[in-house]
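The numbers here are math on the coordinates, done by the rules we state, and not lab data. In this text, all values refer to a predicted model and were calculated from it rather than measured experimentally. Cβ sites come from the backbone with ideal geometry, for glycine too, and all protein chains shown count toward neighbours.
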Amino acid sequence: MDKLSITNLSKTYDNGVKALDAISLEISKGMFGLLGPNGAGKSTLMRTLATLQEPDEGTVTLGSYNVLRQKDDVRTILGYLPQQFGLYPRVSAETLLNHLAVLKGITHKKERKEIVKALLQKTNLYDVRRQNLGGFSGGMKQRFGIAQALLNNPKLLIVDEPTAGLDPAERNRFYNLLSELGENTVVILSTHIVDDVKELCTDMAIINKGKVLKKGNPLKLIAQLEGKVYQKTIQKNELATYKRLYNVISVKFFQGEPIIHIICDEHPNNDFISIKADLEHVYFSQIHYNSQLT
Ligand code: ADP
């Protein structure tokens with residue numbers, strides 16, 4: 001039942017932008033991270049999976065459901081937290097959640113009350129349930145977003161860039177909530193934050209320009225690069241030369257000096273030092289930001 005299969009999904013917008021270019025992915029139960037820069041096509045994919053947008057081509061199945069054809073059936077087992085969602089600022093969390101539960105078809109009053117209470121507790125909002133949503137912090141709003149997405153006990157939960165704008169403590173609390181959910185659900189988390197994926201996800205894909213560039217378990221992808229990442233602090237005016245000579249995957253400035261990271265099968269000598277591979281290196285080796293940095 002629980003596997004999501006995406007096959008050859010393509011979408012070109014009217015302005016000619018190819019947001020999805022033959023995307024194929026198999027996603028099992030657990031936390032799946034969809035990582036890519038802004039404009040990669042993540043939201044387009046999320047909205048398509050959430051039955052809110054039509055692709056030009058391709059198929060999506062969730063267990064025995066044809067997601068693109070059986071939209072109404074899929075919506076009963078789908079939870080979606082969009083990048084931006086509106087809240088009624090003058091309504092309390094409890095009132096709005098109760099109201100949304102009615103809209104989702106939970107009509108039995110006693111059952112609804114229990115579900116709403118359980119979700120407020122689960123998302124750690126029970127103590128503030130009578131406060132108006134307008135006074136909630138970013139993290140509290142996101143947790144409310146998860147509470148509403150869970151009302152129908154979804155088999156597929158789609159969460160689009162959920163940690164944008166959260167402070168580290170809020171982000172942590174939100175992470176903990178999400179990882180609990182991954183046990184029984186397919187959870188797809190889209191983000192451009194590499195650490196979100198490393199900390200949370202057991203499976204991931206890096207996408208850019210509508211294409212899947214890499215897929216796998218984050219720790220295994222890191223292991224593939226182990227022993228191949230090197231670092232060196234150089235002078236600004238040497239950058240172009242180094243980029244010509246080495247496979248520079250990223251440039252970071254530390255106190256005004258560029259530190260370059262390169263990938264190389266053997267030790268490049270020339271004062272490079274070997275460093276531990278990380279998911280960021282996997283990401284940068286796929287998304288060649290360095291071509292923009294001169
Ligand atoms: P991401 O979520 O990874 O930032 P999006 O799916 O939002 O990526 O966008 C992918 C590409 O499609 C971008 O180039 C974006 O400008 C373009 N795009 C997204 N939505 C629309 C739309 N409704 N009309 C035209 N172009 C769009």
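A few notes on this one:
- Nearest-ten-degree value, helix 168-181 long axis tilted from longest Cα axis of the chain: 70
- Computed over the chain with a Gaussian network model linking Cα atoms closer than 10 Å, the most mobile of Gln53, Gln235, Gln70 is Gln235.
- Packing-based exposure ordering (other Cβ within 10 Å, fewest first) of Lys155, Lys276: Lys276, Lys155
- P(r) histogram, all alpha-carbon pairs of the chain included - 5 Å bins from 0, percent: 1, 5, 11, 14, 15, 14, 12, 10, 7, 5, 3, 2, 1, 0, 0
- Among Phe85, Phe284, Phe253, the ranking by other beta carbons within 10 Å of each residue's beta carbon, starting with the fewest, stands as Phe253, Phe85, Phe284.
- All Cα pairs of the range 223-293, percent lying beyond 13 Å: 61
- Choice from Glu57, Glu161, Glu238 with maximal GNM fluctuation in the chain (Cα, 10 Å cutoff): Glu238
- With both labels modelled 7 Å from their Cα along Cα-to-Cβ, the Asn247 to Lys71 distance reads 4.4 nm.
- Helices in the chain, meaning DSSP H runs of at least 4 residues, each add -39500 (n - 2.57). Divided by all residues, the mean residue ellipticity at 222 nm is -9500 deg cm²/dmol.
- Per-residue HN-Hα couplings for the range 31-39 [Karplus 6.51, -1.76, 1.60; θ = phi - 60°; Hz; x = Gly/Pro]: 8, 10, x, 10, 10, x, x, 4, x
- Under-5 Å amide H pairs with Val212, H placed in peptide plane, nonlocal only: Ser24
- Inter-probe distance in nm under a simple model that places probes 7 Å from Cα toward Cβ, at Gln131 and Asp195: 2.4
- With R₀ fixed at 25 Å, the C-beta to C-beta distance from His288 to Tyr13 puts the FRET efficiency at about 0.55.
- Taken over the range 29-106, the alpha-carbon convex hull comes to 143 cubic angstrom per residue.
- Within a Gaussian network of the chain (alpha carbon springs, distance under 10 Å), most fluctuating of Thr61, Thr107, Thr12: Thr107
- Exposure proxy order (Cβ contacts within 10 Å, fewest to most) of His99, His261: His99, His261
- Based on alpha-carbon atoms, the Kirkwood radius and the radius of gyration of the range 56-215 give Rg/Rh equal to 0.97.
- At full extension, Thr233 and His108 could sit 38.5 nm farther apart than now, given 0.36 nm per residue minus the alpha carbon distance.
- Long-range HN-HN contacts of Leu68 with modeled amide H, under 5 Å: Val60
- The mean sequence separation of alpha-carbon pairs under 8 Å and at least six residues apart, normalised by the residue count of the range 168-294, gives a relative contact order of 25 percent.
- What the pair-distance distribution of the range 155-294 shows, using all Cα-Cα distances binned every 5 Å from zero, is 2, 9, 17, 18, 17, 14, 11, 7, 4, 1, 0 percent.
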